[in-house]
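To start, the structure itself, in C-alpha cells.
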Amino acid sequence: MTLRRRYLRVTKPRLGTIYFNDGLSEVNCTMRNYSSNGALLKLHKLTHLSSDFELVVDDDQSRLMCRVVWRQGDLLGVQFKSEWKWGHTDEIEVVDKTIVSKKSVPS
C-alpha cells in the first residue's frame, strides 16, 4: 500500500470513552484506526455529540481533546487538538513510503 496520508495510521483497534456535555455524558467507542493527529471512531451507541469532546483511551488512559471533522452514522473522523504520542511505534514501519507490518518485514 502506498502512503497517501500526511500521518501514518495504525489499524489496531483500541477501546475508548467519549466525554461530552461538560463531562456529564459519555459514550463508549472503538478507535478503528488512529495516528498522532486523529482517529476514526465507531460509536457503540448512536448519540448526538458536540463538535468538541474529550476521548479517554482505555488501555493507557490517554486524555485527548478532539474535534469532529466528519460524521457518517456511527462513524466519526476526529482531529486531535494536540499531537498524541501513543507509544506503539512497534506496530508499524515505513519502508520507502510503504506501510509494512513489523511481522511481515523479513529478518
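Every number in this text was worked out from the coordinates using simple rules, so none of it is lab data. Keep in mind it's a predicted model, so treat the numbers as computed, not measured. A quick note on method: Cβ atoms are made from the backbone with ideal geometry, for glycine too, and the neighbour counts reach across all protein chains shown.
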Which residues' amide hydrogens lie under 5 Å from the amide hydrogen of Ser62, considering only partners 5 or more residues apart or on another chain, with H built in the peptide plane? Val57
Expressed in nm to one decimal, what extension gain is obtained for the pair Thr30 and Val68 from 0.36 nm per residue of sequence separation less their Cα-Cα distance? 12.2 nm
Label-to-label distance, nm, for residues given as Ser50 and Ser82 (7 Å Cα→Cβ offset): 1.9
